[in-house]
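Read the structure below first, then the notes.
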Amino acid sequence: MGLELIPRDVTERFHVEERRHAVAILATDFPAEFEDILECLRKFELLRSEIEMGGGRKSKIAARFDDFLEERGWREKAIRVSRTIEDVTVESETHKVDFCKGRIAVEVEWNNKDPFFSRDLNAFRLLHELNVISVGVIITRMDELQEIFNRLTDENGESCGRKYGASTTHWSKLMPRVEAGGAGACPLLLVGITRHCYRDDVT
């Protein structure tokens with residue numbers, strides 16, 4: 001079992017990859033969480049009006065992912081790790097993920113700075129090592145969307161492409177970090193938003 005467990009209506013609109021049998025784990029052991037993720041993807045549209053309106057991390061595009069998951073009971077999870085050596089306890093930094101339900105963690109990176117990928121993968125690694133999560137999920141945009149952004153103009157008449165720079169979160173910035181082992185042994189479901197999600201709702 002593997003990517004064939006992802007329904008065709010999802011794979012036709014999103015580029016999907018997995019690492020360490022993530023899809024089989026989701027489908028077999030966490031079917032409710034898996035269905036939440038699939039339904040979230042099914043409902044997603046990349047609207048021209050929202051691209052032209054604004055581009056930051058808290059844009060309407062990212063917010064629609066957030067709103068859907070929150071309505072389904074997904075919540076932020078933060079873990080603070082401490083180490084005790086000879087009765088001396090040292091607190092390390094807090095590691096958190098934006099959305100967690102059961103043992104599944106989801107991060108949506110629409111237009112952050114690309115180091116956020118390293119943060120996400122490191123959090124997945126640690127939480128998996130601590131037996132807190134079983135699968136980490138990252139949703140981001142495919143590089144091909146840049147062609148659409150470059151064709152559109154914002155409310156100031158400037159190219160929308162300028163808001164989605166090379167150093168922001170997109171697929172080609174994610175994958176080198178994945179292949180370098182940034183998530184350790186944590187199984188990963190990686191989802192890329194493609195041009196097939198785009199809808200021109202203006203003309």
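Data for the structure
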quantity	calculated
Odd one out for Ile85 among (1) without any contact (Cβ under 8 Å) to a residue 40 or more places away in the chain; (2) closer than 22 Å to Leu174 by Cα	(2)
Subset of region 146-181 [without any contact (Cβ under 8 Å) to a residue 40 or more places away in the chain and among the small types (Gly, Ala, Ser)]	Gly157, Ser159, Gly161, Gly165, Ala166, Ser172, Ala180, Gly181
Helices (runs of 4 or more DSSP H) enclosed by region 7-118 - at least 2 residues per element that are in contact with a Leu (Cβ under 9 Å, 6 or more places away or on another chain) and under 15 Å from Leu189 (Cα atoms)	8-11, 22-29, 31-43
Residues of region 16-56 that turn out to be closer than 25 Å to Gly102 by Cα and of a type outside the set (Val, Ile, Thr), as a count	24
Residue in region 81-102 that is surrounded by 10 or more Cβ atoms within 10 Å (Cβ to Cβ), at pLDDT 90 or above, touching an Asp or Glu at 6+ places or on another chain (Cβ under 6 Å) and over 30 Å from Gln146 (Cβ atoms) present	yes
Qualifying residue in region 113-129 (condition: surrounded by fewer than 22 Cβ atoms within 10 Å (Cβ to Cβ), over 11 Å from the mean Cα position of the chain (by Cα) and either of a type in the set (Ser, Thr, Tyr) or within 18 Å of Ala63 (Cα to Cα) (or both))	yes
Check on Ile139, part of a helix (DSSP H, G or I), aliphatic (A, V, I, L, M) and in contact (Cβ under 8 Å) with a residue 60 or more places away in the chain	no
Residue among Arg75, Arg20 that alone is surrounded by fewer than 13 Cβ atoms within 10 Å (Cβ to Cβ) and more than 18 Å from Thr140 (Cβ to Cβ)	Arg75
Within region 144-183, tally of residues that are assigned to a loop (DSSP other than H, G, I, E, B) and exposed (fewer than 14 other Cβ atoms within 10 Å of the Cβ)	9
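The values are calculated or read from the model by the stated rules, or taken from the named source; none is laboratory data. If you're wondering where the values come from, they're calculated on a predicted model, not measured in any experiment. A quick note on method: Cβ atoms are made from the backbone with ideal geometry, for glycine too, and the neighbour counts reach across all protein chains shown.
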